[in-house]
Amino acid sequence: MVSHKVWHKNTRLLGFMSATSVLAAAAVAEVKPLFVMETAPLRAFAPDDLDAGLIRAIEMLPLRIEELPSEIPGFEQHYAAMASSMLRTASEPMRFAVVHDSDAANGPTMGYGLVMSVRTADEETALNMHNHLMAAIQQTGGPELRAHDAGFMMLEMPDAPPVLFGPQANGDDWHYELRLAYDGPSAGLIDAPVDGTVMRMSLDLRTLAPVFNMAKMQAENEGIDIAASLMSELENAGLAGENALRMNMEMGYTDDGSVTHARIDNLGAMWSAFSLPSGAISRSTFNLVPADAASAKFSRFDLEMMRTMVEKLDQYEVPASEYLDYFSQSTGIDLFADIIDPLGGDAVIYSSDSTGGGGFASSVVLMQIRDQERMAQTNQKLIDLTNMAAMMVPMAGRYIRIVPWEHDDMQMYSLRFPGMPIPFEPTFTYEGDWAIFASTPQAAVAACHQIRGHGDEGLGSVRAFTDHLPKGDLFSASFVDSDRVFRDGYGTVSMIGSGLSNLARSPWDRNRDPGLIVPPYNELKAAAVPLVSWAQWEGDALETTSVGSHSMLANLTVGLGRMGGGGAAFGIIQMFGAQMAQQQGFGMIPAPVQPHVLTKGASSIDAWLTPMGQLTLLIEATASEDE
């Protein structure tokens, strides 16, 4: 089991560090971060031995870029050198930040600026990167550069904020820094990873308070009451102002797995303002999902937000209630009384072998019902309305209808297309206090059996899921069975690995080869673990945690398998073929290409020289020489 709890305890302060370490020395200057992202070295993102080939291939890409000027007309050497240097540097620790400098609040960007800092291997690497960038700017005839303070060069353009860039040192450590509309204290170096942390992000909407307050004051002064009121609503919801929400996220590795943790503070205000679902899911709902589920998601659900939206629209003189009254008079369906009030509670989305083999055809949605009698009345109204609307469609209407039918003692409703060979029959039904929506009739029947207790022991018996979940109330939880979906994603991942291998290889240097990027199926599958995530409220803060495998490639395979990896693989093949078909000339043959005639014996072939055409002609010409 992934020991996420130990890692979590050791990294609870990382979000605070992420929000404060940037420009930490700038506290006197009142520089505050709006958004910060910090990353560890590239190798730290793939620490497992199974991912070693992936790292090797990525580290070879700068060498491949340096070869391109000899293959692509117009791609000059200094551009390749700069791109190669940037790619090498991108594998080092990096920090990206959007900050606000109160001392520059009267400037064109109101004090907001961007800072990007990338650690370099040494002084020589930083200086080489700087020289390549300078050469590229001068080669393009860009704006004139001039020296600035602290070793920066400044690039100024009309009606645009200044850009500063240059190598920076902190003792013996070097980094390259880029700034846009910011000239405050240096962002400095990135802290070393802590307890396996590879990435940290923070977002603090309180930093937008200066621009928000100015806009609100302007709306009030100019008598734009609607705008001023809307801004007050946003402020009350915690989306703006001095009490706005803030988010911190950390991603890292333990000895045996990966963990991602996020916390959003002050989120409770928004939840209340928009009447979003609250409460805790019942763990008994786990057993409404078959134990052979490929994936499952549990969460709280209701439609009260729609009621709040209608009230807000009325408040802003949009006659939403009048439209709903007209709809009710025309259809006999009251949005609030017939739909919003009866529905609410827990919601479940899953796919399983029991309901259809684990793919799309096995998909099931469960929604809890508060008032079964009212929901049954609403159901009949909706069926009558839908069938009546379908009959009003000329010609096609006779082929579309919702049909009630029974299986055993279960009352089902299916969307059918009588007389037409359409392989689609979504079905819904009601069982106890649950509404069931399924992609096929078979899935609906199997879901009913599971709710009645006639299926298997349920997902609550699967310890690979339940053992990860913490004690206490859960707002949501999800599960992806790696054993079940791994085979669906492996083919796509192996194709991605082959594509990266070929990209890293050289047409000139046969010794450059990253080797096998994606391990054999059984080796990689042995490292895969189920993906489990959950969310809990802690006061007005929502905390989410996800755990997975120690191998990046294993996690990628499970993730793609969950999304239907076979379809993704076919899409990659189709995309690659379309790109090859559309490309007009490459390398030695500039576009637009011209038709050529290849004579071989008594036959002549007109060939348009696309890259594949060039290769075909080369093979045939070589064959002619051999003859």
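Observations on the model:
- Qualifying position, being over 37 Å from the mean Cα position of the chain (by Cα), within 25 Å of residue 329 (Cα to Cα) and surrounded by fewer than 16 Cβ atoms within 10 Å (Cβ to Cβ), among 419, 397: 397
- Qualifying residue in the stretch 514-532 (condition: of a type in the set (D, E, K, R), within 23 Å of residue 55 (Cα to Cα) and touching a residue at least 12 places away in the same chain (Cβ under 8 Å)): yes
- In the stretch 331-362, residue nearest to the chain's Cα centre (by Cα) [restricted to those that are under 21 Å from residue 284 (Cα atoms) and open to solvent by 40 Å² or more (accessible area, probe 1.4 Å)]: 349
- Annotation: of all residues in the stretch 488-513 being acidic (Asp, Glu) and surrounded by 14 or more Cβ atoms within 10 Å (Cβ to Cβ), the one that is nearest to residue 66 (Cα to Cα) is 513.
- One residue stands out among those in the stretch 366-384 that are open to solvent by less than 50 Å² (accessible area, probe 1.4 Å) and not in a helix (DSSP H, G or I): the one that is nearest to residue 424 (Cα to Cα), which is 366.
- Residues within the stretch 457-477 that are in contact (Cβ under 8 Å) with a residue 12 or more places away in the chain and out of contact with any helix residue (DSSP H, G or I) (no Cβ under 9 Å at 6 or more places or on another chain), tallied: 5
- Failed condition for residue 414, given (1) crowded, with 16+ Cβ neighbours inside 10 Å; (2) touching a residue at least 60 places away in the same chain (Cβ under 8 Å); (3) in contact with a strand residue (DSSP E or B) (Cβ under 7 Å, 6 or more places away or on another chain): (2)
- Set side by side, the residues 284, 328 differ, and just one is free of Cβ contacts under 8 Å to residues at least 40 places away in the same chain and surrounded by fewer than 17 Cβ atoms within 10 Å (Cβ to Cβ), which is 328.
- Of the residues making up the stretch 287-325, those that are surrounded by fewer than 16 Cβ atoms within 10 Å (Cβ to Cβ), among the acidic types (Asp, Glu) and in a helix (DSSP H, G or I) number 4.
- Scanning the stretch 404-416 for residues that are closer than 28 Å to residue 345 by Cα and under 40 Å from the mean Cα position of the chain (by Cα) yields 404, 410, 411, 412, 413, 414, 415.
- Within the stretch 335-349, residues that are more than 13 Å from residue 379 (Cα to Cα) have Cβ atoms under 7 Å from residues that are surrounded by 19 or more Cβ atoms within 10 Å (Cβ to Cβ) and of a type in the set (Val, Ile, Thr) in these pairs: 346/281; 346/285; 348/285; 348/289, counting only partners at least 6 apart in sequence or on another chain.
- Residue that is touching a Leu at 6+ places or on another chain (Cβ under 6 Å) and closer than 15 Å to residue 86 by Cβ, where the choices are 134, 116: 116
- Just so you know, in the stretch 520-552 the residues that are part of a loop (DSSP other than H, G, I, E, B) and either farther than 22 Å from residue 196 by Cβ or aromatic (Phe, Trp, Tyr) (or both) include one that is nearest to the chain's Cα centre (by Cα), and it is 540.
- Residue match in the stretch 145-154 (condition: aliphatic (A, V, I, L, M), closer than 24 Å to residue 35 by Cα and either touching an Asp or Glu at 6+ places or on another chain (Cβ under 6 Å) or loosely packed, with under 15 Cβ neighbours inside 10 Å (or both)): no
- Condition check for residue 431: open to solvent by 30 Å² or more (accessible area, probe 1.4 Å), among the charged types (D, E, K, R) and touching a strand residue (DSSP E or B) at 6+ places or on another chain (Cβ under 6 Å): no
- In the stretch 128-144, the residues that are surrounded by fewer than 16 Cβ atoms within 10 Å (Cβ to Cβ) and at pLDDT 80 or above: 131
- Taking the listed residues 532, 518, the one that is farther than 24 Å from residue 447 by Cα, modelled with pLDDT of 95 or more and open to solvent by less than 40 Å² (accessible area, probe 1.4 Å) is 518, with no other qualifying.
- Here residue 442 qualifies as open to solvent by 40 Å² or more (accessible area, probe 1.4 Å), closer than 30 Å to residue 405 by Cβ and polar (S, T, N, Q).
- Tabulated pairs, the stretch 159-185, first in contact (Cβ under 8 Å) with a residue 40 or more places away in the chain and within 21 Å of residue 136 (Cα to Cα), second open to solvent by 60 Å² or more (accessible area, probe 1.4 Å) and among the basic types (Lys, Arg), C-beta under 7 angstrom, 6+ apart or interchain: 175/119
- Selection status of residue 251, crowded, with 16+ Cβ neighbours inside 10 Å and under 26 Å from the mean Cα position of the chain (by Cα): yes
- Residues located in the stretch 447-473, provided they are part of a helix (DSSP H, G or I) and either closer than 30 Å to residue 537 by Cβ or open to solvent by 20 Å² or more (accessible area, probe 1.4 Å) (or both): 447, 449, 450, 451, 452, 459, 460, 461, 463, 464, 465, 466
The values are calculated or read from the model by the stated rules, or taken from the named source; none is laboratory data. Note that the coordinates shown come from a computational prediction; the quantities given were computed from them, not determined experimentally. Every residue, glycine as well, gets a Cβ built from its backbone with ideal geometry; the counts of neighbours run over all protein chains shown. Keep in mind that these areas ignore ligands, DNA and RNA; they rest on the heavy atoms of the full protein, side chains included. Shrake-Rupley method; radii C 1.70, N 1.55, O 1.52, S 1.80 Å.
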